[in-house]
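Report on the following structure.
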Amino acid sequence: MKRRTIIMLTGMTLLGLAFAASPQVALAQSDPLDGIWQMNFAKSKLTGPLAGTKSLTLYLRGEGQNRRDTAVGIDAQGNPRSAVFMDIYDGQPHPTTGSTYDASATTRIDAHTINFSLTKAGKVVMTGTMVVSQDGKTLTITENGTDASGREYNDVLVYDKL
């Protein structure tokens, strides 16, 4: 009888530990922005610098409290392009590589929303918002800015998660 009691207590202890750990597993969800996103040209409105782009894929990956955003695509002239943006959610500008912009500043609003601005020579030339749908399947980026010729634009970029 004593052996059976020990086995039963051990089993109940292990079961209790499993239940205690399960909320942490359930709550440890991945960031809805992370993943590979393919531009949906049929749903997007491009009048600014991305007008005529032939393909554009975003690779968004969390790095601790921050995120690395890599954009890879083919521009209107058929040339391959890539850029890397670091999302450090302090609202301060951080260097950008491979882009016509010098730096980007981001602020996290909630799990699904980020506000950003892009600068060139210290001047803000674009502001925008990235929003992931609640089902995690669509990323919509709104951009408001001024292109290289000084013309204002308002673009909507829609991406599907791959």
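Observations on the structure shown:
- Pick from the range 113-146, criterion assigned to a loop (DSSP other than H, G, I, E, B) and of a type outside the set (D, E, K, R), ranking: surrounded by the most Cβ atoms within 10 Å (Cβ to Cβ): Gly136
- Index of the failed condition, Lys43 passing every other in (1) surrounded by 14 or more Cβ atoms within 10 Å (Cβ to Cβ); (2) of a type outside the set (Val, Ile, Thr); (3) under 20 Å from Thr129 (Cα atoms); (4) more than 14 Å from the chain's Cα centre (by Cα): (1)
- Some residue of the range 86-96 being surrounded by 18 or more Cβ atoms within 10 Å (Cβ to Cβ) and acidic (Asp, Glu): yes
- The single condition from (1) touching a residue at least 24 places away in the same chain (Cβ under 8 Å); (2) not in a strand (DSSP E or B) that Gly150 fails is (1).
A quick yes/no check of all residues on (1) surrounded by fewer than 19 Cβ atoms within 10 Å (Cβ to Cβ); (2) among the acidic types (Asp, Glu); (3) touching a strand residue (DSSP E or B) at 6+ places or on another chain (Cβ under 9 Å); (4) within 22 Å of Gly48 (Cα to Cα):
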| position | (1), (2), (3), (4) |
| --- | --- |
| Ala83 | yes, no, yes, yes |
| Gly150 | yes, no, no, yes |
| Asn154 | yes, no, yes, yes |
| Asp160 | yes, yes, yes, yes |
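- If you filter the range 22-69 down to residues that are within 22 Å of Leu162 (Cα to Cα), part of a loop (DSSP other than H, G, I, E, B) and of a type in the set (S, T, N, Q), you find that the one that is modelled with the lowest pLDDT is Gln29.
- Test for Ser99: is it surrounded by 15 or more Cβ atoms within 10 Å (Cβ to Cβ) and not in a strand (DSSP E or B): yes
The values are calculated or read from the model by the stated rules, or taken from the named source; none is laboratory data. Note that the coordinates shown come from a computational prediction; the quantities given were computed from them, not determined experimentally. Quick reminder, even Gly has a Cβ in these numbers, built from the backbone with ideal geometry, and neighbours come from all protein chains shown.
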